[in-house]
Amino acid sequence: MPAGAGRARAGRPWHFRYSEDDAFAVGLACGGALEVFVQRVVPAEQPEIAAAVAATAAGESVALTRVVSGPSHLLGRTMLVRPDRTVAGTLDGADLDRWAAHEAGAC
């Protein structure tokens, strides 16, 4: 397990990054960098995540968006976007929701 992963198990977000030099070793054959966000998930406490888990278990496609950096009042907010353009949850109730839904391919 990478160093720092215990933070995710403790419920605190954790970021790590693969450099371009390491990209090939982790399967990024064309190079580039990959940033991964790791966080402890408790579906009973996070209904949007529970819905995403249920949808994927049923073979449905969904996008799960989550604020991982930015203003503190938005951190951790989660929104599920379904292909039929319905959403569960909210990121900010306005522009950020519309932007995230668009980026998820729902609009």
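Within the stretch 72-98, being closer than 22 Å to R40 by Cβ, of a type outside the set (S, T, N, Q) and open to solvent by 50 Å² or more (accessible area, probe 1.4 Å) holds for H73, L75, R77. Within the stretch 50-66, the residues that satisfy the criterion of being aliphatic (A, V, I, L, M) and crowded, with 18+ Cβ neighbours inside 10 Å are A51, A52, V62, L64.
A25 meets all of the listed conditions (1) modelled with pLDDT under 70; (2) out of contact with any helix residue (DSSP H, G or I) (no Cβ under 8 Å at 6 or more places or on another chain); (3) farther than 23 Å from A104 by Cβ but one, namely (1).
The set of residues from the stretch 53-69 being in contact with a helix residue (DSSP H, G or I) (Cβ under 9 Å, 6 or more places away or on another chain) and of a type in the set (G, A, S) comprises A54, S61, A63. When the stretch 32-89 is filtered for residues that are among the β-branched types (V, I, T) and at pLDDT 85 or above, the ones remaining, listed by number, are I49, V53, T56, V62, T65, V67, T78, V81, T86, V87. For V68, are the conditions met, namely being touching a residue at least 40 places away in the same chain (Cβ under 8 Å) and of a type outside the set (G, A, S)? It is true that V68 is touching a residue at least 40 places away in the same chain (Cβ under 8 Å) and of a type outside the set (G, A, S). Which one is farthest from the chain's Cα centre (by Cα) among residues in the stretch 55-78 that are hydrophobic (A, V, I, L, M, F, W, C) and not in a loop (DSSP other than H, G, I, E, B)? So the residue we want is A57.
Only residues that are in contact (Cβ under 8 Å) with a residue 24 or more places away in the chain and not in a strand (DSSP E or B) were counted in the stretch 79-95, giving 2.
The values are calculated or read from the model by the stated rules, or taken from the named source; none is laboratory data. The shown structure was predicted, so the numbers you read here are calculated from the model rather than taken from an experiment. Using ideal geometry, Cβ is built from the backbone for each residue, glycine included, and neighbour counts are taken over all protein chains shown. These accessible areas exclude ligands, DNA and RNA; they are computed on the full protein's heavy atoms, side chains included. Shrake-Rupley method; radii C 1.70, N 1.55, O 1.52, S 1.80 Å.
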